1. Give me the residue from the stretch 108-149 that is among the charged types (D, E, K, R) and touching a strand residue (DSSP E or B) at 6+ places or on another chain (Cβ under 7 Å) and, out of that set, nearest to Gly84 (Cα to Cα).
2. Report, ordered by the first and then the second residue, all pairs with beta carbons closer than 7 Å, sequence separation of six or more or different chains, a first member in the stretch 147-160 that is without any contact (Cβ under 8 Å) to a residue 40 or more places away in the chain, and a second member that is part of a loop (DSSP other than H, G, I, E, B) and hydrophobic (A, V, I, L, M, F, W, C).
3. For the list (1) surrounded by 16 or more Cβ atoms within 10 Å (Cβ to Cβ); (2) over 18 Å from Asn11 (Cα atoms), I need the number of the one condition that Glu95 fails.
4. Residue by residue through the stretch 48-85, note down the ones that are on the phi > 0 side of the Ramachandran plot and open to solvent by less than 50 Å² (accessible area, probe 1.4 Å).
5. Do any strands (runs of 3 or more DSSP E) entirely within the stretch 70-175 hold 1 or more residues that are of a type in the set (A, V, I, L, M, F, W, C) and out of contact with any Gly (no Cβ under 9 Å at 6 or more places or on another chain), and if so, which?
6. Just wondering, is there one or more residues in the stretch 136-146 that are in contact with a His (Cβ under 7 Å, 6 or more places away or on another chain) and surrounded by fewer than 16 Cβ atoms within 10 Å (Cβ to Cβ)?
7. How many residues does the stretch 1-47 contain that are polar (S, T, N, Q), in a strand (DSSP E or B) and either at pLDDT below 95 or surrounded by 21 or more Cβ atoms within 10 Å (Cβ to Cβ) (or both)?
8. Could you look through the stretch 116-130, keep only residues that are closer than 25 Å to Glu95 by Cβ and hydrophobic (A, V, I, L, M, F, W, C), and pick out the one that is surrounded by the fewest Cβ atoms within 10 Å (Cβ to Cβ)?
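The values are calculated or read from the model by the stated rules, or taken from the named source; none is laboratory data. This one's a predicted model, so the numbers in the text were calculated from it and none came from an experiment. Glycine also receives a Cβ, built like all others from the backbone with ideal geometry; neighbour counts cover every protein chain displayed. To get the accessible areas, we keep the full protein, side chains included, count just its heavy atoms, and leave off ligands, DNA and RNA. Shrake-Rupley method; radii C 1.70, N 1.55, O 1.52, S 1.80 Å.
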Amino acid sequence: MGLKIIQAKPNPAGKESGKDQDGFETKRPEAFFGEWVDVKNVGDHAVNFQTIQLRHALFDEDCHTSGELELYWIGDNSDPLKPGQVLRIHGGRREDAHLMAPEDQAEADWHGYAESDSFILNNRCGDKIVLSWQDVADQIHQDWACYAPNPPENLILKRSGNLLAGAGVVEEDRG
């Protein structure tokens with residue numbers, strides 16, 4: 001396999017408290033960078049950024065997936081993600097990246113940005129994150145990982161099988 005989702009931070013500090021009295025998100029650009037997904041090249045060949053896409057599941061009010069995937073990020077340059085390198089894909093806009101906290105910059109070789117003014121990953125329902133890319137032979141590959149509802153604030157969820165979880169995360173029976 002070439003690329004793999006290795007960890008994510010879907011619920012950065014202040015994500016839930018960043019809402020006004022009507023429940024609408026307040027605009028705090030620096031907070032959006034704390035929501036991120038790490039993708040590592042675990043293969044033997046470089047993968048061009050232009051062929052990489054990250055999507056996530058959409059849910060209804062009852063947390064049933066619609067079966068649709070919404071685009072979170074798409075590669076925007078021809079640089080390669082070399083074997084062993086990590087790409088961290090953040091919420092927020094590239095133009096505001098100077099506001100990013102040092103801990104959200106650390107341990108990544110590359111940074112991509114969702115170019116969004118809102119949080120994207122779903123905490124209330126959990127989420128499924130799907131990564132796709134094209135290899136040197138033009139074959140399309142996919143990897144996916146998911147996490148349970150209501151992940152603890154500011155916890156980095158590590159991958160185990162196809163589950164992203166961490167200390168204190170309890171997987172609910174979603175029957």
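1. Selected residue: Asp109.
2. Note: pairs meeting the criteria are Ala148/Val169.
3. (1)
4. Cys63, Gly84 - these are the residues of the stretch 48-85 that are on the phi > 0 side of the Ramachandran plot and open to solvent by less than 50 Å² (accessible area, probe 1.4 Å).
5. 86-90, 110-113, 127-134, 140-147, 163-165
6. yes
7. Residues in the stretch 1-47 being polar (S, T, N, Q), in a strand (DSSP E or B) and either at pLDDT below 95 or surrounded by 21 or more Cβ atoms within 10 Å (Cβ to Cβ) (or both): 1 in total.
8. Checking each candidate, the answer is Ile120.
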